[in-house]
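Heads up, the thing below is written out as structure tokens.
The values are calculated or read from the model by the stated rules, or taken from the named source; none is laboratory data. This is a predicted model, so every value here is computed, not measured. Cβ sites come from the backbone with ideal geometry, for glycine too, and all protein chains shown count toward neighbours.
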Amino acid sequence: MEFYDVINRRRSIRQFVDKEIPRDVLERILDAGLKAPSSNHQRRWELLTLTDKTIILSLAKLIKPYPCRITEPKSPQQEMFKIAYPKQRTMIEESSCVILPFFKQKYPLSEEKNGYGLMDYGATWALIENMLLAAAAEGLGSVVHIPVKKEPEQIRKFLSIPEGWGLPALVILGYANPDAEVPAQVKATVENRVRWNKW
Ligand SMILES: Cc1cc2nc3c(=O)[nH]c(=O)nc-3n(C[C@H](O)[C@H](O)[C@H](O)COP(=O)(O)O)c2cc1C
């Protein structure tokens, strides 16, 4: 797929069909992630890739759907909340693969002295975006879930993750359900968001 088509086609998909993703497809997506830029060329990443449905279903049990009281969305964001919040668990249950991108967390994220904690965290998001785009190029749907509240600790315990590894997001992959609900996108264009040469 042409690069800009991939960019334009990638959307967050939260409903999937029950279909296995071939191993070679997953390996290309993982490889795309590992090619991302990283601070100080560290590439201190470890990608835990779940394809075993029993493990995925058990992981999903740790994720709480958020309550959402919006019935008549008045903006693309509200539409997204209405679609996304209730699906935080089911989107994992329906997925065919969940990638957990860990980064070696040598410093706390709030480390103000040198900002290193944020650099490794940021580099992991570069890796995540590469994988989301690669998934789109492979004809897959994808979405991320940020572990909140008790979820990070519960995930760590469930998967026996050693101390010292940060997890910015779960990367959830699958073949999109053709009826998947996708909200309108907030308009962010070169015309309305870019300033040239001065603020
Ligand atoms: C930092 C970040 C955190 C996000 N967290 C979640 C999340 O926890 N659950 C979810 O369903 N989507 C999450 N998303 C996806 C956004 O909701 C989505 O990107 C946004 O609504 C725009 O839709 P699009 O990805 O289809 O363009 C997150 C995206 C980013 C970049």
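Here are a few things to note about the model shown:
- Test result for L47, part of a helix (DSSP H, G or I) and modelled with pLDDT of 95 or more: no
- From the options R28, R44, residue that is basic (K, R), within 17 Å of the chain's Cα centre (by Cα) and surrounded by 13 or more Cβ atoms within 10 Å (Cβ to Cβ): R28
- Annotation: of all residues in the range 7-25 being more than 16 Å from the ligand (Cβ to nearest atom) and touching a strand residue (DSSP E or B) at 6+ places or on another chain (Cβ under 6 Å), the one that is farthest from K87 (Cα to Cα) is I21.
- Selection from the range 53-71 of residues that are at pLDDT 95 or above and either buried (at least 17 other Cβ atoms within 10 Å of the Cβ) or among the charged types (D, E, K, R) (or both): K53, I56, L59, A60, K61, L62, I63
- Within the range 179-199, considering residues that are assigned to a loop (DSSP other than H, G, I, E, B), without any contact (Cβ under 8 Å) to a residue 24 or more places away in the chain and within 16 Å of the ligand (Cβ to nearest atom), the one farthest from K19 (Cα to Cα): T189
- Of residues in the range 123-162 being surrounded by fewer than 17 Cβ atoms within 10 Å (Cβ to Cβ) and closer than 24 Å to R11 by Cα, the one farthest from the chain's Cα centre (by Cα): G139
This table checks each residue for (1) aromatic (F, W, Y); (2) in contact with a Leu (Cβ under 8 Å, 6 or more places away or on another chain); (3) within 13 Å of the ligand (Cβ to nearest atom).
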site: K82; (1), (2), (3): no, no, yes
site: E94; (1), (2), (3): no, no, yes
site: K106; (1), (2), (3): no, no, no
site: E111; (1), (2), (3): no, yes, no
site: G115; (1), (2), (3): no, no, no
site: Y121; (1), (2), (3): yes, yes, yes
site: A126; (1), (2), (3): no, no, yes
site: E129; (1), (2), (3): no, no, yes
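- P108 vs. criteria part of a loop (DSSP other than H, G, I, E, B) and either out of contact with any Gly (no Cβ under 7 Å at 6 or more places or on another chain) or small (G, A, S) (or both): no
- Within the range 9-22, the presence of a residue that is without any contact (Cβ under 8 Å) to a residue 24 or more places away in the chain, over 17 Å from the mean Cα position of the chain (by Cα) and not in a loop (DSSP other than H, G, I, E, B) is excluded.
- Number of the exception - I29 against (1) away from the ligand (no atom under 16 Å from the Cβ); (2) assigned to a loop (DSSP other than H, G, I, E, B); (3) within 19 Å of E138 (Cβ to Cβ): (2)
- Residue pairs meeting the criteria (Cβ under 9 Å; at least 6 apart or on separate chains; first assigned to a helix (DSSP H, G or I), in the range 66-84; second modelled with pLDDT under 95 and of a type in the set (S, T, Y)): F81/Y66; K82/T71; A84/Y66
- Among the conditions (1) out of contact with any Gly (no Cβ under 6 Å at 6 or more places or on another chain); (2) under 11 Å from I13 (Cα atoms), the only one that A176 does not satisfy is (1).
- Matching residues, the range 131-150, being within 13 Å of the ligand (Cβ to nearest atom) and on the phi > 0 side of the Ramachandran plot: K149
- Residue tally, condition at positive phi and touching a helix residue (DSSP H, G or I) at 6+ places or on another chain (Cβ under 8 Å), over the range 3-61: 2
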